[in-house]
1. Is it the case that the range 174-190 has a residue that's within 25 Å of VAL77 (Cα to Cα), in contact (Cβ under 8 Å) with a residue 60 or more places away in the chain, surrounded by 11 or more Cβ atoms within 10 Å (Cβ to Cβ) and not β-branched (Val, Ile, Thr)?
2. Test ARG61 against the stated conditions and say whether it is loosely packed, with under 14 Cβ neighbours inside 10 Å and either assigned to a helix (DSSP H, G or I) or charged (D, E, K, R) (or both).
3. Does the range 133-173 hold any residues that are open to solvent by 80 Å² or more (accessible area, probe 1.4 Å) and not aliphatic (A, V, I, L, M), and which are they?
4. Could you check GLN119 against (1) of a type in the set (S, T, N, Q); (2) surrounded by 11 or more Cβ atoms within 10 Å (Cβ to Cβ); (3) free of Cβ contacts under 8 Å to residues at least 24 places away in the same chain and say which number it fails?
5. Quick one: would you say ILE130 is in contact with a Leu (Cβ under 6 Å, 6 or more places away or on another chain), among the β-branched types (Val, Ile, Thr) and open to solvent by less than 60 Å² (accessible area, probe 1.4 Å)?
6. Keeping to the range 72-101, report how many residues are surrounded by 10 or more Cβ atoms within 10 Å (Cβ to Cβ), at positive phi and over 23 Å from the mean Cα position of the chain (by Cα).
Amino acid sequence: SRLSAIDTTFHPGEIVQTTMLIQDLKFAVRSFLRAPRFTVPAVVALALGIGATSAIFSIVRGVILEPLPYQDPDRIVAVWERRLDRDQSRNVIAAANYVAWRERATSFELLGMVQPATQNIVLNGQPEEIAGYRASSDALKAFGTAPQLGRIYTPEEDLPGTDRVIILGHNFWQTRLGGRSDVLGISLTTN
């Protein structure tokens, strides 16, 4: 292949443009110093406007423009119950209602349930409250979640009377369990 040469010579027009830019900047600074009553509010207004615009764009970008870090994020929706007697539009769904919805759902490929929950876990003989979620097996499948080690819940483990299965977060595994490779199958005392 043939390399093309790079032009490194200076052109007189570039020097003139740089000189004019420096002169313009000096003129602007002198003008601002002559009229501080105008300069200070103008600079403050510009700073507030630019800051607000940047903040709003960051929020819009993070919430609307950036896709969620899940498989097929445009196909994930949240479904809530509405409690009419208290005018709550996002009421926690009762487990029995979830089971009935899941059995009758024809518009959804999967219908899972996720609920914030805390667990008291005993580690090294000391109880510790850990924030987490209770989730059905379908919820994990809907998000396309795959654990680094082990497996996700099975539908049979959603049923009452079966052994409780815990999926640990990566940070918990690393910090509280030392990143043990033999973590699968260990028993934790909870609640």
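1. In the first step, residues of the range 174-190 are kept if they are within 25 Å of VAL77 (Cα to Cα); the result is none.
No, the conditions are met nowhere in the range 174-190.
2. Working: loosely packed, with under 14 Cβ neighbours inside 10 Å: yes; either assigned to a helix (DSSP H, G or I) or charged (D, E, K, R) (or both): yes.
Here the answer is yes, as ARG61 does meet what is asked.
3. TYR133, ARG134, LYS141, GLN148, ARG151, GLU156, PRO160, GLY161, ASP163, ARG164, HIS170, ASN171, listed by residue number.
4. Every listed condition holds for GLN119 apart from (3).
5. On the way: in contact with a Leu (Cβ under 6 Å, 6 or more places away or on another chain): no; among the β-branched types (Val, Ile, Thr): yes; open to solvent by less than 60 Å² (accessible area, probe 1.4 Å): yes.
Criteria not met by ILE130.
6. Adding up the residues that qualify gives 0.
The values are calculated or read from the model by the stated rules, or taken from the named source; none is laboratory data. Worth saying up front: this structure is predicted, and the values here are computed from it rather than measured. Using ideal geometry, Cβ is built from the backbone for each residue, glycine included, and neighbour counts are taken over all protein chains shown. These area figures cover heavy atoms from the full protein model, side chains too; ligands, DNA and RNA do not enter into them. Shrake-Rupley method; radii C 1.70, N 1.55, O 1.52, S 1.80 Å.
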